[in-house]
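The values are calculated or read from the model by the stated rules, or taken from the named source; none is laboratory data. Source: prediction; values computed, not measured. Heads up, the Cβs are rebuilt from the backbone with ideal geometry, glycines too, and the neighbour counts pull from every protein chain shown.
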Amino acid sequence: MVRAPYRAGGRLGASDAASELGTLEHKVVDHLFVLSPASAVSSGIHEYDGRLPDLRREATDLWASAADKLLRQVRDLPLESLSAGSRYDRMLLEMGLESALFDLRDSRDFDVNPMVHVGGLSLTPYTVRPYATLEIRIEAMHRQLGGVPLALSRGLDRLEPAVPAPFVRLAIGIARGLEANYRGVEPLVRSFSDASFERIREVRDPAIDAVRSFAERLEQEWLPRATQDYALGEEKFQRLLWVRERVRVPIEDILKAGRADLVHNQSRLQAIAKAANPPTDGPGLLQRAAATHPTAAELIDRARVFVEEMKLFVREKELASIPEPAVCRVEETPPDHRGLSTASMNGPGPFETAGQEGMYFVTPADPTWSAETQDQWLRSFNDSVLRNVTAHEVYPGHFLQFLHLRRSTGGLARKVILSGAFIEGWAHYAEQVVVEQGLGAGAPEAEAAQLYDALLRDCRLISAIGLHTQGMTVAQSTELFEREGLCEPIVAQREAGRGTYDPVYFGYTLGKLAILDARHRHLQSQFGGSLRAFHDRLLSYGAPPVGFLDELLRAS
């Protein structure tokens, strides 16, 4: 249960309706964490450390019935008795419950997606951030490892005999990566005591056996009978837009906007390439940028330099406030995550009271690769791209947004129920706004890197809608990423595959376009043209559903 130290907003007002909302807020958040204790841990609520959810059908049916009751109670609160801020909190509670129920009943993730059963089992939250003493974190790891065999057994029992092949393949990869994750804690635990490691090993070895068995059974039993039946369909996709983002815009209109953004970005890339000295085309400009890149030994240090540069750039251009403490470490991506990520941000949760630094993970070239492959990897991390990635992951992207989330006021819901499209849309928008403000001193390579990522995100939106509502095949999606997004074949294949199991990767472009629309509508009239004032206001809402941005800004 979420206890008093985590009550960000306390009571929301003197009225009975506001008081009832405050009580309901904690009940709803506690209930959501029962289904996803890993979300509580990442938020910095560590009474959930080491817990795994009970995902048996009878358990989730009971959870859903209780969620239905909470949802009715939230909807029964009279809007006219609540302040504008409390109405926003009420909407978030409704959205959080609807979203979780969608996963249970509409997309049926727990029945057809093995990734759900293996995705929250990593020990990384207890190793990368020193939020508590090592003894306390070792105890959390012990609890979690001890629960892995039963959780995976229950997951296999629940899965339907025939599930989508892309889901199975990725779940196998995740499960196989967990063995390295579990073995990788040994040096940390031994640093505390050998006795502690022996105790961990008693539960670690059965957990490793369980993840191996999970992967093997998926490969031997589920993969041969797997289907390509991953599409949500138009009705469910439209519903997904509502429960995740409060977007009622018809799918066709969103697709039209995504295609228009694709054409705009393609035209801009061609224009700056032709204006370059010497002139070239879009792919040629990208190849030219790739020539300036760090060596394997320089990569992490170069990223550290760019973090400080971007922090200074945000301050000098007055793009947004930077709440303190603002400490961001740059580290190599942990080995067990390198197959899934080129770069990522592990930000401090909104309730984290220790270990408050951000961690910007950058994936190095694998020394076991051939010299040619290592060079290709480092060329993909050329200086222009690495600056753009740093804008996305750190300043003014994810890390800055996390800092504002930590200090946001209002109800508890604002720090727990977060819009994926706002989070990724903000970071994608951050890439564009720094180029608009002169990052790279007008060098075409800087904008080319930003546009390349924009093309990729445009293709994600088009693919998500195509794969799930229009009968697009994975092969057609792959071709789209290659032809329109200028992706290498291996990248295009990975992106097309991701669209089958992650339809909300439309959020990068959807969120960016929503923020740009809000800026167009409100920057001058409400903020006198001040980007800092506009951005600070936007970030003060937490991570609001992008379909609600205009209403929030009009009400403030």
Looking at S122, S193 in this structure, which one is small (G, A, S), closer than 30 Å to R329 by Cα and without any contact (Cβ under 8 Å) to a residue 60 or more places away in the chain? S193
Between a first residue in the stretch 58-73 that is over 15 Å from R105 (Cα atoms) and a second residue that is among the charged types (D, E, K, R) and at pLDDT below 95, which pairs have beta carbons less than 9 Å apart while being 6 or more apart in sequence or on different chains? Q73/E20
Out of all the residues in the stretch 148-161, is one or more on the phi < 0 side of the Ramachandran plot, touching a Phe, Trp or Tyr at 6+ places or on another chain (Cβ under 8 Å), surrounded by 14 or more Cβ atoms within 10 Å (Cβ to Cβ) and not in a helix (DSSP H, G or I)? yes
Name every residue in the stretch 442-473 that is out of contact with any Ser or Thr (no Cβ under 6 Å at 6 or more places or on another chain) and hydroxyl-bearing (S, T, Y), in order of residue number. Y452, T469, T473
Output the number of residues of the stretch 365-381 satisfying the condition of being within 24 Å of the chain's Cα centre (by Cα) and either among the small types (G, A, S) or surrounded by 21 or more Cβ atoms within 10 Å (Cβ to Cβ) (or both). 3
How many residues of the stretch 207-238 are surrounded by 15 or more Cβ atoms within 10 Å (Cβ to Cβ), within 25 Å of the chain's Cα centre (by Cα) and assigned to a helix (DSSP H, G or I)? The answer is 6
Please determine whether any residue of the stretch 298-312 is surrounded by fewer than 16 Cβ atoms within 10 Å (Cβ to Cβ), in contact with a helix residue (DSSP H, G or I) (Cβ under 7 Å, 6 or more places away or on another chain) and of a type in the set (V, I, T). no
Does the stretch 460-469 contain any residue that is touching a residue at least 60 places away in the same chain (Cβ under 8 Å), over 22 Å from the mean Cα position of the chain (by Cα) and surrounded by fewer than 20 Cβ atoms within 10 Å (Cβ to Cβ)? no
May I ask you to verify whether L156 is farther than 22 Å from D502 by Cβ, free of Cβ contacts under 8 Å to residues at least 60 places away in the same chain and not charged (D, E, K, R)? no
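Yes/no matrix, rows are residues, columns are (1) of a type in the set (K, R); (2) over 24 Å from R288 (Cα atoms):
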{"residue": "K415", "(1), (2)": "yes, yes"}
{"residue": "G420", "(1), (2)": "no, yes"}
{"residue": "E424", "(1), (2)": "no, yes"}
{"residue": "Q432", "(1), (2)": "no, no"}
{"residue": "R457", "(1), (2)": "yes, no"}
Among the residues listed as A365, A371, A421, A343, the single one being within 20 Å of L513 (Cα to Cα) and either outside the structural domain of A100 (by TED's automatic domain parsing) or at pLDDT 95 or above (or both): A421
Could you identify the single residue in S86, S99 that is in contact with a helix residue (DSSP H, G or I) (Cβ under 8 Å, 6 or more places away or on another chain), in a helix (DSSP H, G or I), over 30 Å from P334 (Cα atoms) and modelled with pLDDT under 95? S86
Can you tell me which of (1) of a type outside the set (A, V, I, L, M); (2) surrounded by 15 or more Cβ atoms within 10 Å (Cβ to Cβ); (3) within 23 Å of the chain's Cα centre (by Cα) is the one R329 doesn't meet? (2)
